[in-house]
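Taking it in order: structure first as structure tokens, then the write-up.
The values are calculated or read from the model by the stated rules, or taken from the named source; none is laboratory data. Quick caveat, the model's predicted, so the values are computed rather than measured. Cβ coordinates were reconstructed from backbone atoms using ideal geometry, including for glycine residues, and neighbour counts include every protein chain displayed. Remember, those area values only see protein heavy atoms, side chains included, never the ligands or the DNA or RNA. Shrake-Rupley method; radii C 1.70, N 1.55, O 1.52, S 1.80 Å.
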Amino acid sequence: MAASNYSLKVNRELLDPNFESYRLSLDAIPTYNVELDAAVEEVKLKDSQYTLEHMRAFGMYNYLHLDPWYEDSVLFVDCKGRVLSLTVTLDTALGKPREVYRITADSQCEDRLCASLSLTSATWASLSDGAGRLYLLRTGKRGDSSHMKWEALFSEDMGEPFTILHSVSHVQDGVHAMEVLLLRIQKDPQETKGSGYSVSLEWITVANSAGQGQEKKYEVRKRRVLRGKSVPHYAAVEPKGKGLMVASEKPFVFTHVDGLPVEPADPEPMEVEKTDPIYFWQQTAEDITVCVRMPEGVTKEEVQFRLTADNIRLGVQGFPPLLEGQLFAPVDPEASAWIVKNDKSLEVSLQKRGEGPMWPELVTGDRRGEYVMSDEQAALIHERLTYLTSEDMNGNPDKDKPPCNSQELEDCDGFPEDSFSLTHFDGESLKPTQVVNLGSHQYLFTVDVNPSDMPCLCLRHDVDALVWQPRPDQPSNMWEHIATFNALGYVQASKRDKKFATCAPNFSYASLCECLRRSFIYRQPSPVETVLFNRKQGRQVAQVAKQQV
């Protein structure tokens with residue numbers, strides 16, 4: 001089954017067309033420090049890891065991991081191989097880091113990467129040592145009151161070094177399974193024109209064996225590999241492991257399952273056999289003329305015609321309706337008429353209820369007809385669009401619609417490549433089921449809002465930043481717009497040294513962090529305690545959105 005194109009549906013109720021700007025606030029932000037007895041493990045890229053993809057995947061890696069199940073806990077791996085947990089008590093202090101697990105260094109790896117951690121569930125975690133070994137750890141209930149040491153119930157060498165992008169845990173038919181998504185950048189001999197590297201995603205399923213009378217052992221059940229040419233901005237497994245979502249500038253395809261190559265899918269035929277239209281139609285600003293093909297020899301007594309202001313139904317006795325449905329706009333039934341011509345066709349004249357714009361379609365959703373444009377209409381459209389095809393950069397700047405001049409665009413008006421897309425893959429067929437073209441939507445960040453759901457993704461729409469929640473169980477509305485950060489899409493474009501971006505799980509603020517020293521906080525509009533007036537517009541300001549640095 002071919003993938004269907006999907007469009008993100010913006011919830012207009014979450015947009016604020018009256019938003020003005022962020023106001024700089026000098027309110028003090030509490031900051032706390034904690035001394036570490038060993039530095040956070042940081043792996044510097046080698047000369048061989050020179051590509052942009054290496055930088056995106058490993059050079060921009062966040063070594064701090066916020067626990068989405070226990071939001072007061074932050075975890076990291078230090079240079080001694082210890083997984084440390086510290087508690088953040090708001091308006092008080094940072095707790096002292098506490099060791100919960102220690103990685104055993106078996107061997108030194110030349111192409112070692114940073115250790116990575118993913119909090120799989122409220123009681124499980126997945127860990128990479130940066131040298132190619134994957135650990136699945138039973139953590140017990142984490143949080144400030146828990147002092148349990150983590151226990152490794154699975155440890156296996158997975159080949160080349162990787163980082164963990166995402167992991168989920170689920171139980172089906174009494175079998176506990178964990179889905180882990182790994183990222184690698186590998187040398188590719190077939191990549192001769194580019195950097196010589198390709199990006200690999202490996203989706204691994206680890207499950208326990210439900211043998212009676214024996215201790216349940218966790219082992220790899222399935223390994224699936226996808227390949228692409230760009231590091232994904234977003235990659236996550238569905239909560240039940242039934243599918244995968246990937247947002248990337250270049251497309252990904254499944255290449256191997258359990259070491260065996262995947263047969264490439266037969267390309268869909270580009271041209272679909274075109275059937276002859278059932279009806280033809282023309283229009284003016286006042287009326288519409290429809291010519292419907294009829295079975296030969298039909299008399300007017302056999303014609304079934306019903307017309308209301310908004311609907312039309314036209315058919316022949318003994319046959320399915322030839323034209324049926326809701327009209328694009330209201331008509332005047334009293335001033336409309338029909339006539340049988342040449343015993344082969346039926347001509348219907350519809351009087352528009354009011355003069356207005358031209359209709360893009362006759363019956364909503366009906367594609368069986370063909371619109372016939374008159375010579376006068378074609379000439380008028382050609383004249384209106386001439387300015388778009390002018391050979392001069394700005395042939396007539398005094399026109400109402402001067403041609404677009406790319407030199408006048410700002411950096412923040414630039415868009416990603418047209419191939420930038422968000423794709424949902426089915427876990428069984430490994431085929432894409434829905435694809436969203438993100439060519440006009442810059443990717444901003446990923447955030448865990450509800451740990452039981454898939455991570456949310458934040459995209460730029462015009463000047464705003466919109467947060468989308470994946471809903472894999474709702475194919476008709478697979479990505480739901482749940483929050484908006486006004487003007488953040490425009491604001492973040494000016495932050496040239498931006499390294500990290502995120503938002504609060506309750507969407508009360510968004511934060512942008514630069515590479516070196518500054519962090520910006522953009523809060524949602526909130527009521528003001530004093531009376532403020534906008535002098536230019538002469539009106540009272542009820543809410544103010546604060547910016548803090």
With a 1.4 Å probe and all protein chains kept in place, how much accessible area does residue 69 have, in Å² rounded to the nearest 10? 70 Å²
Here are several values of semi-axes √(5λ) of the Cα gyration tensor in Å: [x] 42, 37, 21; [y] 48, 28, 20; [z] 54, 33, 24. Which one was derived from the coordinates shown? [z]
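Tell me the per residue accessible area of the stretch 15-76 using a 1.4 Å probe; a whole number in Å² is fine.
Dividing the accessible area of the stretch 15-76 by its residue count gives 68 Å².
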If you take every DSSP beta bridge fully contained in the chain, what fraction is antiparallel? Give it as a percent rounded to 5. 95 percent
Measure nothing fancy, just the Cα-based angle from helix 375-384's long axis to the longest principal axis of the chain, in degrees from 0 to 90, nearest 10. 40 degrees
With just the Cα atoms of the stretch 231-358, tell me how far they stretch along each of the three principal axes, in Å, largest first. 69, 36, 27
Summing +1 for each Lys or Arg and -1 for each Asp or Glu, what net charge is found among the other residues whose Cβ lies under 10 Å from the Cβ of residue 547? +3
Along the dipole axis of the chain (charges at Cβ: +1 for Lys and Arg, -1 for Asp and Glu; origin at the Cα centre), the most positive-end residue among 17, 55, 345 is 55
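Please get the size of the charge dipole for the chain, origin at its Cα centre, with Cβ charges of +1 on Lys and Arg and -1 on Asp and Glu, quoted in debye to the nearest 20.
Working: 59 positive and 80 negative charges, 370 e Å.
My answer is approximately 1780 debye.
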Across all Cα atoms of the stretch 92-239, Rg and the largest Cα-Cα distance (Dmax), in Å, are 17.1, 57
Residues with amide H under 5 Å of residue 166's amide H, sequence separation 5 or more or different chain, H placed in the peptide plane at 1.01 Å from N; which? 181
Measuring from label point to label point, each 7 Å out along Cα→Cβ, what is the residue 20 to residue 355 span in nm? 4.3 nm
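Of 149/216; 187/499; 44/240; 44/229; 216/240; 495/546, which pairs sit farther than 24 Å apart, going by alpha carbon to alpha carbon? Intermediate results must be reported in sequence, preceding the final value.
Numbers: 149/216 20 Å; 187/499 26 Å; 44/240 36 Å; 44/229 22 Å; 216/240 21 Å; 495/546 17 Å.
Result: 187/499; 44/240 exceed 24 Å.
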Residues other than residue 220 with Cβ under 10 Å of its Cβ, Lys/Arg counted +1 and Asp/Glu -1, net out at 0
Just the accessible area for residue 148, please: 1.4 Å probe, Å², rounded to the nearest 10? 100 Å²
Answer with one residue from 447, 424, 194: the one whose Cα lies farthest towards the positive end of the charge dipole of the chain, charges on Cβ with Lys, Arg +1 and Asp, Glu -1. 447
Mean Cβ neighbour count within 10 Å, used as a protection proxy, ranking 5-13, 440-448 highest first: 440-448, 5-13
Leaving ligands, DNA and RNA out of it, report the carbon-plus-sulfur percent of the accessible area of the chain at a 1.4 Å probe. 49 percent
Mean ellipticity per residue at 222 nm, deg cm²/dmol - from DSSP H runs of n ≥ 4 across the chain, formula -39500 (n - 2.57): -1000 deg cm²/dmol
